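Have a look at the structure below, then the notes.
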Amino acid sequence: MTAATTPGRMSEPVRRDRQACMARIVVSVEGMVDAPAETVYRYMADMREHHPRFLPPAFSDFRVESGGVGAGTVTRFKVTAGGRTREYRMQVAEPEPGRVMTESDTGSSMVTTTTVSARDGGSLVRISSAWDGAGGIGGLFERMFAPRVMRGLYADELKRLDAYARDQRRA
């Protein structure tokens, strides 16, 4: 509660909404992967055999609850970053099968979109997450630090995906 005055009137307490508007937070990283787009997309969409093999160490306890490849798959995992661990339960959809895959957290507004495009004999992969940030001071810190941390995780994942694709080609 804060005090406000109106000219000619005594000071009265006025109730003000202290919850700041939640801001939409968007984090995107893209990079090249040395493999054909259809192969890279298959690695990203196959949550049983491929995807867990190139996740960074910050991801743990990765498991498939249902499905396993593409639309309808449900996964659960933990991410430890910035000294905090958070559990996610993600529902996979394929708005453009073979090119665009989304993973929507069933417990929050977070949606991660992976887009794979053919480029120069390889693939350009873009990982982008968007969510409604918290309000207040917690939201301020989230907006300041979460994008940098998430960009680092996604950049690491793309490097690991590229190395995995190269290893698979050699096998």
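Here are the numbers for this structure:
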quantity	calculated
Among 78-90, 155-167, the order from most to least packed when residues are scored by Cβ within 10 Å on average	155-167, 78-90
For segment 25-170, convex hull of alpha carbons as volume per residue, Å³	97 Å³
³J(HN,Hα) computed for each position of segment 150-161 - Karplus, 6.51 cos²θ - 1.76 cosθ + 1.60, integer Hz, glycine/proline x	5, 4, x, 5, 5, 5, 5, 4, 5, 5, 5, 4
Mean Cβ neighbour count within 10 Å, used as a protection proxy, ranking 39-46, 65-72 highest first	39-46, 65-72
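Read-outs throughout are calculated quantities, based only on the coordinates presented, and are distinct from any laboratory measurement. Just so it is clear, the model here is predicted, and its values are computed rather than measured. FYI the Cβ positions are ideal-geometry reconstructions off the backbone, even for glycines, and counts take in every protein chain you see.
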